Amino acid sequence: MKNRIIDAFLYLFVFMVIQFVVNYAVIFGWLLAEGKNLNEIGKGFADGTLQITAPMLIVSSAIYSIITLIIFLWKKWSEVSGNYLRTRPGGVLLWAAVAALGTVIPSEVFLELVSLPDVNSDILGEVMGSRWGFLSICILAPLVEELVFRGAILRALLQGMNSHWVAIVVSALLFALVHMNPAQMPHAFCLGLLLGWMYYRTHSIIPGIMVHWVNNTLAYTVYNIFPNANDIKVVDLFVGDYIRVALSVVFSFLILIPAIYQLHLRMKREA
């Protein structure tokens with residue numbers, strides 16, 4: 001059982017190494033193609049002045065996502081089958097999407113209240129502002145992260161720990177930490193709890209992909225609808241009316257709680 005816990009951290013390590021190596025390889029190659037010499041690139045890496053652009057990140061995201069999928073499926077660290085789809089889980093997927101919608105405003109309000117530093121808002125904004133950013137943020141990220149964090153890491157933790165809730169909390173914590181951005185961590189942790197619970201009940205990453213897709217697609221859509229989205233607060237969306245903000249939080253919980261209850265009723269835990 002302890003070996004499975006070690007396996008879980010091995011999967012995390014491999015995932016992060018793939019990201020790191022591919023990101024820097026793409027950036028390095030990109031800058032060489034632009035005509036920069038090795039000394040300029042090395043100096044930029046050393047002093048942090050290297051200009052990283054959205055196209056670089058989108059290309060690297062596509063490459064490391066494909067590599068991750070190949071490795072994790074080839075090594076059978078995460079198993080994929082059509083068994084869950086054969087159960088016709090339309091109701092689960094619908095309520096999973098509703099649950100995802102119910103988490104957004106409470107999460108944003110919380111982040112504004114605690115004022116956590118956002119260390120990559122500028123470059124993330126550039127990625128979301130790109131049409132190709134949809135591929136990276138809304139398609140590849142939900143698929144790959146669910147395959148890795150629920151399909152591999154959580155699956156190993158569930159097999160290696162006596163308590164499924166401890167396994168879910170640990171996987172959610174790892175999911176939050178790997179974002180490496182304080183402003184994203186609270187929402188990632190809470191979402192990780194929901195995603196982990198759904199995986200435990202279904203042994204499938206498909207409901208999690210739905211939640212992840214709705215969450216990321218909503219963020220992408222809002223960013224592209226509202227100019228200067230990084231500077232907009234929830235209260236700005238309600239014309240400065242804090243009562244409306246409070247009501248929106250209440251309404252969100254009136255969506256989220258019934259959705260979780262419906263998921264509880266509809267998801268059957270596999271033996």
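Summary of values
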quantity: Signed unit charges on C-beta, dipole axis of the chain, positive-most listed residue N162, I5, V26; calculated: N162
quantity: Most mobile listed residue (E112, E79, E40) in the chain, GNM with C-alpha springs under 10 Å; calculated: E40
quantity: Cα pair distances exceeding 35 angstrom across the chain, given as percent; calculated: 20
quantity: Highest-first arrangement of 165-177, 19-31, 192-204, 239-251, where packing means the average Cβ count within 10 Å; calculated: 192-204, 165-177, 19-31, 239-251
quantity: Euclidean distance between Cα centres, segment 26-90 to segment 180-249, Å; calculated: 23
quantity: Trypsin sites (Lys or Arg not before Pro) restricted to segment 74-104 and DSSP loop, no more than 15 other C-beta within 10 Å; calculated: K75, K76
quantity: Net lengthening on full extension, L101/L113 (0.36 nm per residue, minus Cα-Cα); calculated: 2.3 nm
quantity: Ordering of 216-222, 59-65, 87-93 by packing [mean C-beta count within 10 Å, highest first]; calculated: 59-65, 216-222, 87-93
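Values quoted throughout were computed directly from the atomic coordinates according to the rules given, and no laboratory measurement underlies them. All values derive from a computational prediction rather than experimental measurement. Quick reminder, even Gly has a Cβ in these numbers, built from the backbone with ideal geometry, and neighbours come from all protein chains shown.
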